[in-house]
C-alpha cells in the first residue's frame with residue numbers, strides 16, 4: 001500500500017518533532033503555524049475545526065484518546081442508493097455521500113498497549 005501525500009507529510013512532521021525539541025514545542029503550542037512553516041504550504045482546516053497537537057512522547061504516561069461518538073449518526077436512515085452501495089455497488093462520491101467526506105468511518109475501538117492489562 002502506497003502512502004498518500006498527506007500521510008507522507010504527517011510522517012515527516014512526526015519525525016521532525018521527534019528530532020527537534022524546539023519544533024515539537026512550536027507544534028504543540030501553535031500547530032497550524034508550525035505545520036505551515038514546516039511545509040511551506042497553507043493548512044486548510046474545515047470551517048469551525050481546530051487542530052490540537054498533544055505531546056505523547058513521555059513513555060511513562062499512557063494516553064487515552066476519546067473519539068467522536070458514533071451516536072451522532074446512529075439514527076440516520078440510508079437512501080435506496082446508499083443501501084445499494086452498501087450491498088456491493090458503488091455510487092459516486094463514496095459509499096455514503098451524506099456522511100462527512102462521503103465515506104462512513106466506524107468509531108475505532110480503543111485498545112491499551114500490549115504491556116498494559118485491564119482486569
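The values are calculated or read from the model by the stated rules, or taken from the named source; none is laboratory data. Because the structure is predicted, anything quoted here is derived from the model rather than measured. Cβ coordinates were reconstructed from backbone atoms using ideal geometry, including for glycine residues, and neighbour counts include every protein chain displayed.
Can you find a residue that is part of a loop (DSSP other than H, G, I, E, B), touching a residue at least 24 places away in the same chain (Cβ under 8 Å) and either under 18 Å from residue 7 (Cβ atoms) or not assigned by TED's automatic domain parsing to the domain that holds residue 5 (or both) anywhere in segment 36-54? Yes, segment 36-54 contains at least one residue that is part of a loop (DSSP other than H, G, I, E, B), touching a residue at least 24 places away in the same chain (Cβ under 8 Å) and either under 18 Å from residue 7 (Cβ atoms) or not assigned by TED's automatic domain parsing to the domain that holds residue 5 (or both). Here residue 33 meets each of (1) surrounded by 13 or more Cβ atoms within 10 Å (Cβ to Cβ); (2) not in a loop (DSSP other than H, G, I, E, B) with one exception, condition (1). Exactly one residue out of 53, 68 is surrounded by 12 or more Cβ atoms within 10 Å (Cβ to Cβ) and at pLDDT 75 or above: that is 53. Residues being under 24 Å from residue 22 (Cα atoms), exposed (fewer than 12 other Cβ atoms within 10 Å of the Cβ) and at pLDDT 75 or above are entirely absent from segment 74-93.
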